1. Using just the Cα positions, wrap segment 55-144 in a convex hull and report its mean projected area in square nanometres, one decimal place.
2. Given 0.36 nm per residue, what is the gain on full extension from THR156 to GLU104 after removing their alpha carbon distance, in nm?
3. By how many nm would the segment from SER355 to THR148 lengthen if fully extended, with 0.36 nm per residue of separation less the alpha-carbon distance?
4. Tell me, in nm to one decimal, what length is gained between ASP223 and GLU29 on full extension, where the rule is 0.36 nm per residue of separation less the Cα-Cα distance?
5. Would you mind counting up the charge near ALA58? Only other residues with Cβ under 12 Å from its Cβ, with Lys and Arg at +1 and Asp and Glu at -1.
Amino acid sequence: MFKLHAIRRKIVNRLAAVHPALCEARVMEALARTTPGLLEKTGVAGLQFTMIVQGRPARTFVAGTACRARGEPMTPRTRFRVASLSKPVAALVFLRAAAAGLIELDSPVEAELRDIPGLRGAAQLGELRLRHLLAHASGVADWHVPHTLEGHPRPTLHEALCGALGAGPRFDRAVGQSSVYSGVNYALAEHVVCTRLDCTFESLAARMIHGVEFGMSARTGPDIASEHDEQGGVLPHWVPISLAASGQVAGAAEIAAVAHQAMRVWLGHEEDAGLPRAIVEPFLTPHPTVERAKFSLGLHRMRRTSLVVWDHGGHRPGMRGSINVIPEACITAVAITNGDRGQEIIEPVLAMIRSICGCTLAGLPRE
């Protein structure tokens, strides 16, 4: 009986992989069946999951609660402080600004960064370009972009870069030598671009991201999920200093919409994202530490089982999230939880998506 059930599920998965509506239905059915048990096992408060298949309308699944203290249920309209899931959105903002002629990716950034003590006078500063920052290849050491507790004094990004909350960033290798993940790259890019354009990142994002609404983490409200610790307690709200690196407020549907736009650029649907492929192409830079992995549009590019997947995680105390983009199947999936053990839910959910999508590969171009 078990063998027959396994064969049936494999057949259903194969059919789901080649038919978008069936793929969506298969995933939603599996989520409804497995998520309640995962939430109970891990103690995570809730899950919000969105998938977009081949440009069809987004499908969103929710389970659990947005805030245990207030007894608020998770809904498709619940928004999260999404931490590093902000970076793919920020990358699209910066690249669209370049496509609009507002900034040049290969222009020097020394003028905007020379007054930062940890970078001032370094030989690498004259070689640094905005493109290096967006590809995590600046040569600047990993620097934890600071946060402040809600209600406490909050320095500007420039003040934080200059050491207002501890030692600021510094170089530790040559510019362009390697692509090493570091939130400081997007914090520096935000400072450079917003100084050059005399604007806030929030206002620039509103101009460059069309049809998708994003807030920023300085905002609070009843529609924003609370973060929970492993015991289910609500955690205090820490406000990030850099909005581009980790400061956006969004739901899974908004993040999925932006990631899907980025994917369609690579598939040749440039009109959907408003980005010439020539601008995006150079962002496919080798990543030295993960086999076959690369950075592109703020996403990591790697092979998982038989699939090439672009992904990016985001975490902060009491929140875990992940993006999976599968170009070969034209599928984008985003899962966000509001609990410290959320990765124990996200990993099996996204593995299930990849299992269903893995059936699409016969006859498709492979790397």
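Just so you know, all these numbers are worked out from the coordinates, no wet-lab data involved. All values reported here derive from a predicted model rather than from experimental measurement. Cβ: placed from backbone, ideal geometry, glycine included. Neighbour counts: every protein chain shown.
1. Values: hull surface 39.3 nm².
Its average projected convex-hull area is 9.8 nm².
2. Numbers: separation 52, 0.36 × 52 = 18.72 nm, distance 2.44 nm.
Answer, rounded to one decimal: 16.3 nm.
3. Values: separation 207, 0.36 × 207 = 74.52 nm, distance 4.04 nm.
The SER355-THR148 span can extend by a further 70.5 nm.
4. Numbers: separation 194, 0.36 × 194 = 69.84 nm, distance 2.62 nm.
Contour length minus Cα-Cα distance gives 67.2 nm.
5. Numbers: positive: ARG56, ARG59; negative: GLU24, GLU254.
That sum, taken over residues with Cβ under 12 Å, equals 0.
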